[in-house]
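Each remark here refers to the structure printed beneath this line.
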Amino acid sequence: MANARQALAGVNGDFFNISETHPGVTPTGSASGPEIEEGRALKAAVPDKQRFGPGLPPGTSAEDVIAVTDDHRARVTRLHLVGTVRARHLDLPLRGLNQYALPQGSAGAFTSEWGTVSRLRAVCGSDARRDDPCDTDTAEVTLERGVVTKVTDSIGEGAIPPGTTVLVGRGAAADTLRTLTPGERVGVRYRFASAKRVSFAVGGFPILRDGEPLAGLDPKGPAPRTAAGVSRDGRHLYLMVVDGRSQRSAGLTVAELAALLDKAGVDDGVNLDGGGSSTFVARGSEEPAVTVRNVPSDGVERAVANGIGVFVRP
């Protein structure tokens, strides 16, 4: 990813849907939290109980992100999706955007950013347990430039063309979507509620706030870790990778990671995906491509959902 974007350096990003326990359901490879790139909302957060990774500290959420805002400041903030699906007879809250799990009884939108993988995972699990069964009461509506072209009870797969939106509903929202008919015009609107306009964001749960580790950090044993943090004034963004699961390094607990961020000068910090995902790449000024600078615990780089890149302005 870093080489494709000609980045100077980078680390892996958010936890993601790497494995599945639902029979016949394909892992999507989609991240748990929100994503924004160049000011464009790419996806929203799955319900807290559907996310992957260590347990969330009290008061944190899958909606939490490490972000850069339009005033060129880095921040740890929260991105809550606000959206609607509206037709002549219908006004339905939109509770999802390109995410692998929707809240029970809700509807979500999928765009070309989703890719080609099946959307079926979005109706699986519950608001209480990621491994709960998939809904059988589902509906999918295809909109081409705001006009309904297809209504079905089956959840599909395959690339979504630009200008096309696929609405997926489960439970009560599926019943509402089934009232739409081909040829009907439907408006889909969404945005992230945020005090500052965000130009970049990936999901990560807070572990350090105002220079203090949060209470209730997951106590599980040392492991490879990736983290990101910001200085008090937001002018400095810190990226950190800690190797683990090797003779050279066992890794850190999440609490130890928070303490290390604090020691480095971070004021607010988040934990990103760890384990075999933890990867740090960089290139020198005369080098044509980045190389891996840490020792991934899988022995090789793992394909991950997203990352944080460092770039030099031309």
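Just so it is clear, none of the values below were taken in a lab; they were calculated from the coordinates. Nothing here was measured: the structure is a model prediction, and the numbers come from that model. Every residue, glycine as well, gets a Cβ built from its backbone with ideal geometry; the counts of neighbours run over all protein chains shown.
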Name the lysines eligible as straight-distance cross-link partners of K220: C-alpha to C-alpha under 28 Å, and not fewer than 8 places from it in the same chain. K49, K263
On a 0 to 90 degree scale, rounded to 10, what angle separates helix 254-264 from the longest Cα axis of the chain? 60 degrees
For the chain, build the charge dipole from Cβ charges (+1 Lys, Arg; -1 Asp, Glu) around the Cα centre, then report which of G299, A264, P288 sits farthest towards its positive end. P288
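Sort V304, V147, V85 so the one with the fewest other Cβ atoms within 10 Å of its own Cβ comes first. It would help to have the intermediate numbers written out before the result.
Details: V304 23, V147 12, V85 26.
Lowest count first: V147, V304, V85.
Quick one: net charge around R129, please, counting Lys, Arg +1 and Asp, Glu -1 for every other residue with C-beta under 13 Å from its C-beta.
Values: positive: K49, R51, R130; negative: D48, D127, D131, D132.
Neighbourhood net charge equals -1.
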According to the square roots a ≥ b ≥ c of the eigenvalues of the Cα gyration tensor, what is the shape class of the range 199-314, taking rounded for a/c under 1.5, prolate for a/b larger than b/c otherwise, and oblate for the remainder? oblate
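How much length is gained on full extension from T149 to S112, taking 0.36 nm per residue of separation minus their Cα-Cα distance?
On the way: separation 37, 0.36 × 37 = 13.32 nm, distance 1.64 nm.
Additional length available on full extension: 11.7 nm.
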Test of understanding: ordering D135, D175, D64, D210 by Cβ neighbours within 10 Å, fewest first, what list do you get? D210, D175, D135, D64
Where a ≥ b ≥ c are root eigenvalues of the Cα gyration tensor, a/c under 1.5 meaning rounded, otherwise prolate if a/b exceeds b/c and oblate otherwise, the range 80-193 counts as rounded
Taking 22 Å as R0, compute the FRET efficiency from the Cβ-Cβ separation of D70 and R209 and round it to 0.05. 0.45
Determine ³J(HN,Hα), in whole Hz, for all residues of the range 78-93 in sequence, where each value follows from phi through the Karplus function 6.51 cos²θ - 1.76 cosθ + 1.60 and θ = phi - 60°; x replaces Gly and Pro. 10, 10, 9, 6, 10, x, 9, 10, 10, 9, 4, 10, 9, 9, 10, x
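Among DSSP bridges having both ends in the range 80-193, what percentage is antiparallel? Round to the nearest 5.
Values: 28 of 30 bridges.
Within the range 80-193, antiparallel bridges account for around 95 percent of the total.
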Gyration tensor on Cα atoms of the chain, a ≥ b ≥ c root eigenvalues, a/c under 1.5 rounded, else prolate if a/b beats b/c, else oblate, says prolate
In which sequence would H80, H89, H22 go, from the one with the fewest C-beta neighbours within 10 Å to the one with the most? H89, H80, H22
Computed label-point distance, nm, for sites K220 and N3 using a 7 Å Cα→Cβ extension: 3.2 nm
In whole Hz, what ³J(HN,Hα) sequence does the range 296-308 give by Karplus (6.51, -1.76, 1.60; θ = phi - 60°), x for Gly and Pro? x, 6, 7, x, 9, 5, 9, 5, 10, 6, 7, x, 10
What does the charge dipole of the range 80-193 about its Cα centre add up to, to the nearest 20 debye, if the Cβ of each Lys and Arg holds +1 and the Cβ of each Asp and Glu holds -1? 400 debye
